Protein chains: 2
Amino acid sequence: MGLSSMRVRTQNGPSDLRAIWWEDDVVKAIDQRLLPERLEIVAIKTYEEMAEAISDMTVRGAPSIGAAGAYGMALAWQSGVDLVGASRVLKATRPTAHDLFHAIDRMLSIGDGLVEAAKGYADSIAEKCRLIGEAGNSLIEDGMKILTHCNAGALATVDFGTALAPIRVAHRSGKKIFVFVDETRPRFQGAKLTAWEMVNEGINHAVIADNAAGYYLRSEVDLVIVGADRVAMNGDFANKIGTYEKAVLARENGVPFYVAAPVSTFDPSLRSGDGIVIEQRSPDEVLIVNGVRIAPAESAALNPAFDVTPAKYVSGFITETGVLAPDELAKMLAE
Amino acid sequence: MGLSSMRVRTQNGPSDLRAIWWEDDVVKAIDQRLLPERLEIVAIKTYEEMAEAISDMTVRGAPSIGAAGAYGMALAWQSGVDLVGASRVLKATRPTAHDLFHAIDRMLSIGDGLVEAAKGYADSIAEKCRLIGEAGNSLIEDGMKILTHCNAGALATVDFGTALAPIRVAHRSGKKIFVFVDETRPRFQGAKLTAWEMVNEGINHAVIADNAAGYYLRSEVDLVIVGADRVAMNGDFANKIGTYEKAVLARENGVPFYVAAPVSTFDPSLRSGDGIVIEQRSPDEVLIVNGVRIAPAESAALNPAFDVTPAKYVSGFITETGVLAPDELAKMLAE
């Protein structure tokens, strides 16, 4: 970990941390389900425990899930387990994150020395995010008000963030910025995780109900930056449910809308967003909030975890190789 | 109360109920803060208690607030209190609802016999809602999937509803319909109140996170019907925060978007939506959910209660006099 790491305010002042790392033959990770109430580090000792940690969202965010997949394969390799069997279990945890399949397939193709390979994979994600931060910083002017959705921060990406990386770099370079944090129902990743990262980094921000994003896009927001779980060759992309709404509202109000993602999130096998499978999660995530049921016992709920935003709403993709327009993306991926 | 009343499933089967009514020298109202967990009727004995009941959202929804204002004036008149003073207190409770000012000014101008006048005012709201239901039913075809935001139901409108009135009439006339119920953060009026009305009425529905409305507008929704807190002469209107988002997304996806409101919600003194004051409510409504703080202690929140949707997104207004296009509205109001 270098100077670029996530700054975490602890009782003894800020210290650097990652979302997930290898330490003494096990994987350590921040339990993201407990934030912002408390910062707890869990030790993950087997690939089955890693599959569980991905399924139950102890670890979340496409690039962090990718690192978790690689580390899970490293745990399987370390204990001499059949790697193909382990890969199937790990791949079955979350259907939408392309990074997960990418990371697991890479470990499978390497096949040996997977602890070092997984460490290298996680380090390369962190480095890509640092470069995304540098590239995206060029889009941010002093005084800008920026809206973001869900958590595409250091927690989601091993370190530094995708959508939050440019915001970190802009803030550390002395630009005065303000961040509108969509709370991001149903799981509140914005209110819980992005706000926690903003507090730790000392960045001015306010949490808003997702419903208020349109109001502020119409009146105050200068720039939108979100992450992506999967990007198709034509620039359509899947991200946390609600992203599509914010993209349409940004274009309607002439607000630039950028997607920050490492190239590993781009799926060359997907021609368009039509091929992206949308995960339906438990209705209870909508119906039960902090242990209290909000709707009548007889009411059902529908809970798509992601939506697909067509490329036409995207001003550009912020990647480790620079900022690309959607049509430049297809060209680059074809090379 | 006639056959048109809200049907409420009680232990002894369905019974008819209103949101607010006069009974034995006091006002009775459903405490809407306790739904859907329990159905509790409160007795409101003074105009100060009525002001409190409006402020703390025991009674909510523009037309129900209008009736509450009229009944509050009746309570003041009954106890011989200065009516102008009482009107000031009652008007200071909620800044956005035009119906409130309309109802209070009407009682002030009548000046005497206010118990009967307030009863008549509430009855006329219920009758207008019944007519809105009849008019709006013409827009609903068998098999349609309809999206609604917040609660513009019987609870919000004394009886029957505005947005929910056409849905009630369509269902009672035998049309098979399905309702997507936006949960409506931050106060969850959709999940709590609209879903409760749907259950009582036996209408197929599912609660969705507000973030999922765009996803379903892009794929499944045939029609959107919402209520309004205030409509300007040009057809711009204020409604619960998030309405603007759904309107933009409906137009983007070619889904008809209707606003159901009695003519009393139309404000002849407002040329456009620019003049509508947006109430900012407590940040705690966003930050604290079911008693648990979701964001870090250091995080602020912004909480606009309403937004303004420009007339260009409105397919039509469903009123007690029929369905009107936005440009017909100005013409009708000028007459």
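The values are calculated or read from the model by the stated rules, or taken from the named source; none is laboratory data. Because the structure is predicted, anything quoted here is derived from the model rather than measured. Note that we place each Cβ from the backbone using ideal geometry, even for glycine, and neighbour counts take in every protein chain shown. When the accessible area is computed, the model is the full protein with side chains, heavy atoms only, and any ligands, DNA or RNA have been set aside. Shrake-Rupley method; radii C 1.70, N 1.55, O 1.52, S 1.80 Å.
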_Please state the shape class of the stretch A:39-98: rounded when a/c is under 1.5, otherwise prolate if a/b exceeds b/c and oblate if not, all from the C-alpha gyration tensor._
oblate
*asked:* Give the average, rounded to an integer, of partner chain Cβ atoms located within 10 angstrom of each Cβ in A:304-310.
replied: 3
*Based on the Cβ-Cβ distance of B:GLU37 and B:ASP112, what FRET efficiency does E = 1/(1 + (r/R0)^6) give at R0 = 56 Å, to the nearest 0.05?*
0.85
*What number, in percent, do you get for the relative contact order of the stretch B:65-108 if the mean sequence gap of Cα pairs under 8 Å and at least 6 apart is divided by its residue count?*
58 percent
_Other-copy label distances relative to A:SER282, 7 angstrom Cα-Cβ extension, nm_ = 3.0
*Semi-axes of the stretch A:12-144's equivalent ellipsoid from the Cα gyration tensor, sqrt of 5 times each eigenvalue, largest first, rounded to whole Å?*
26, 18, 14
*Quick one, what does Rg over Rh come out to for chain A if you take C-alpha atoms and the Kirkwood Rh?*
0.95
*For chain B, calculate the relative contact order in percent as a whole number, restricting contacts to Cα pairs under 8 Å that are 6 or more residues apart.*
16 percent
*Sequence-distant or interchain residues sharing an amide H contact under 5 Å with B:ILE241, placed H: which?*
B:PHE306, B:ASP307
*Under 15 Å Cα to Cα from A:LYS145, which aspartates and glutamates show up? Leave out anything in the same chain fewer than 8 places away.*
A:ASP182, A:GLU220, A:ASP222
*Can you give the alpha-carbon Rg of the protein assembly as shown over 2.2 N^0.38 Å, where N counts its residues?*
1.02
*So which residues of the stretch B:207-223 lose at least 10 Å² of accessible area, probe 1.4 Å, when you go from the chain by itself to every protein chain present?*
B:VAL207, B:ILE208, B:ALA209, B:ASP210, B:ASN211, B:ALA212, B:GLY214, B:TYR215, B:TYR216, B:ARG218
*Accessible surface buried once A binds B (1.4 Å probe; total of both sides; Å²)*: 4600 Å²
*Shortest first and in nm to one decimal, what separations exist between A:ALA297 and its copies in the other chains, measuring from label points 7 Å along the Cα-to-beta-carbon line?*
3.8
*Calculated from DSSP H runs of 4 or more alone, at -39500 (n - 2.57) each and per residue, what is the 222 nm mean residue ellipticity of chain A, nearest 500?*
-10500 deg cm²/dmol
*Distance cut-off 13 Å, percentage of C-alpha pairs in the stretch A:91-166 lying past it*: 72 percent
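Might you tell me the accessible area per residue for the stretch B:2-121, computed with a 1.4 Å probe and given in Å²?
42 Å²
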_Helix A:62-78 against the longest principal axis of chain A: what's the angle in degrees, Cα atoms only, rounded to the nearest 10?_
10 degrees
*Between the stretch A:1-59 and the stretch A:100-144, the alpha-carbon center distance in angstrom*: 17 Å
*If the label for B:ARG172 sits 7 angstrom from Cα along the Cα-to-Cβ line, what are its distances to the same label in every other copy, in nm to one decimal, shortest first?*
6.4
*If you add up the charges near B:LEU114, with Lys and Arg at +1 and Asp and Glu at -1, over every other residue whose beta carbon is less than 14 angstrom from its beta carbon, what do you get?*
-3
*asked:* With the crude spin-label approximation of a point 7 Å out along Cα→Cβ, what separation in nm comes out for A:GLN78 versus A:SER55?
replied: 2.1 nm
*Roll a 1.4 Å probe over the protein chains and send me the accessible area per residue for the stretch B:225-335 in Å².*
34 Å²
*asked:* Please report the antiparallel percentage of DSSP beta bridges with both residues in the protein assembly as shown, rounded to the nearest 5.
replied: 55 percent
*Over the stretch A:199-297, calculate the relative contact order: mean separation of alpha carbon pairs under 8 Å at least 6 apart, over the residue count, as a percent.*
29 percent
*asked:* Rounded to the nearest percent, how much of the accessible area of the protein assembly as shown (1.4 Å probe, protein heavy atoms only) is carbon and sulfur?
replied: 49 percent
*Could you give P(r) for the stretch B:4-74, binned at 5 Å from zero, as whole percent values over all Cα-Cα pairs?*
4, 16, 28, 25, 15, 8, 3, 0
